[in-house]
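Everything on this sheet refers to the single structure shown next.
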Amino acid sequence: MTTRTTTIDSQVHAYERDSPERPWHGHLTGPEGVTGDDMVAAMDAVGVDGALLVSPYSMYRYDASYALEVYAKHPGRFGLIRPFDPESDTIEDDMAEWTGTQGVVGARIMLSYGSYEADHLGLNRILAAGAQAGIPINIMSSGHLPLVRELARQNPDTQIVIDHVGLAQPFEPPAPPEPFADLDNVLSLAELDNVAIKISGACTLSHEPFPYPDIWEPLQRIFEAYSLERCLWGTDWTRAVNLLTYEQGVEAFRVTDQLSDSERATLMGGALSKVYGWSPDTDS
């Protein structure tokens, strides 16, 4: 008898509608509201056991209060990640408070929203604080991979996780003409043992319809460079809503013949559990 493996999505978002009580700072492509209940329902419909719930920077900046509310309602389904401000004077205190909060599994740096150098004090303080706390630091880094390489070298004790295959991903179809143009920089980071990579939102890089067969040649190069133990499948739902459904983002990795059953189990949950030290508890 085949034993069902645990499926974990490495990146989803949940948020309320814009309101005076919790106003948006910006806009994230997607529905006007995707509550924690909505996200759990979408996961249940396709057999996803748990997910890393990333507080959306576009809307809430560094305020993770809604993610904490979602966790309180669905504690077994989500591990929590929030962005940190590299310009903050209280990074170490903020990290200690965050990592002392139930459900927290990581923190995030948004390199794509600033102009930084490798000696930036705040960036290195976040990375050092992550190492001290024993949590991965996720980096939104498309267009900045050489900088990530330097930061990873400077902080060898910090587990770094590259968001979204390290590549710019579209919010609307079609995919860019050369969606994997920066693949060499993605592959070069695999040389650093403290770097893992989210294979999140990868289907949005396809020029073909479901099940997106043209993404597999570059993805296989990533799997070979990093090993599947450092590759974490995910959907980046609901950012991808204008390109595919949640079911398609999940099923594309289940129906492909490019992965064996054991490889699929590692990519779609096993590696994440090891990198983050977290697994969902669907009974809670």
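The values are calculated or read from the model by the stated rules, or taken from the named source; none is laboratory data. Only a predicted model underlies this, so the values are computations on that prediction, with no experimental measurement involved. When we count neighbours, we look across all protein chains shown, and the Cβ atoms used for this are built from the backbone with ideal geometry, even at glycine.
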Does A118 satisfy the condition of being outside any loop (DSSP other than H, G, I, E, B) and among the small types (G, A, S)? no
Please indicate, with yes or no, whether at least one residue in the stretch 66-77 is farther than 18 Å from T238 by Cβ and touching a residue at least 60 places away in the same chain (Cβ under 8 Å). yes
For residues that are within 16 Å of C203 (Cα to Cα), among the aliphatic types (A, V, I, L, M), out of contact with any Cys (no Cβ under 6 Å at 6 or more places or on another chain) and surrounded by 14 or more Cβ atoms within 10 Å (Cβ to Cβ), tally how many sit in the stretch 238-283. 6
Select from the stretch 42-54 the residues that are surrounded by fewer than 24 Cβ atoms within 10 Å (Cβ to Cβ) and in contact with a Phe, Trp or Tyr (Cβ under 7 Å, 6 or more places away or on another chain) and list them in ascending order. A42, V46
Can you confirm whether R125 is in a helix (DSSP H, G or I), touching a residue at least 12 places away in the same chain (Cβ under 8 Å) and of a type in the set (D, E, K, R)? yes
Here are the criteria: (1) among the hydroxyl-bearing types (S, T, Y); (2) surrounded by 14 or more Cβ atoms within 10 Å (Cβ to Cβ); (3) closer than 21 Å to D281 by Cα. Tell me which single one T101 does not satisfy. (2)
Matching option when the condition is without any contact (Cβ under 8 Å) to a residue 40 or more places away in the chain, surrounded by fewer than 14 Cβ atoms within 10 Å (Cβ to Cβ) and not hydrophobic (A, V, I, L, M, F, W, C), among T90, T35: T90
State which residue is farthest from the chain's Cα centre (by Cα) when the search covers only the stretch 235-270 and only residues that are of a type in the set (D, E, K, R) and more than 19 Å from R4 (Cβ to Cβ). D257
Criterion first (of a type outside the set (S, T, N, Q), at pLDDT 95 or above, over 21 Å from Y276 (Cα atoms) and surrounded by fewer than 14 Cβ atoms within 10 Å (Cβ to Cβ)) does D184 satisfy it? yes
Taking the stretch 1-25 and keeping residues surrounded by 11 or more Cβ atoms within 10 Å (Cβ to Cβ) and more than 17 Å from G234 (Cα to Cα) leaves Y15, E16, R17, D18, R22, W24, H25
Residues satisfying the stated conditions in the stretch 248-282, i.e. out of contact with any Lys or Arg (no Cβ under 9 Å at 6 or more places or on another chain), in a helix (DSSP H, G or I) and within 15 Å of F210 (Cβ to Cβ): Q248, G249, V250, E251, A252, V255
Residues being at pLDDT below 95 and over 23 Å from S65 (Cα atoms) - total across the stretch 113-140: 2
Single condition L232 does not satisfy, out of (1) surrounded by fewer than 18 Cβ atoms within 10 Å (Cβ to Cβ); (2) within 15 Å of the chain's Cα centre (by Cα): (1)
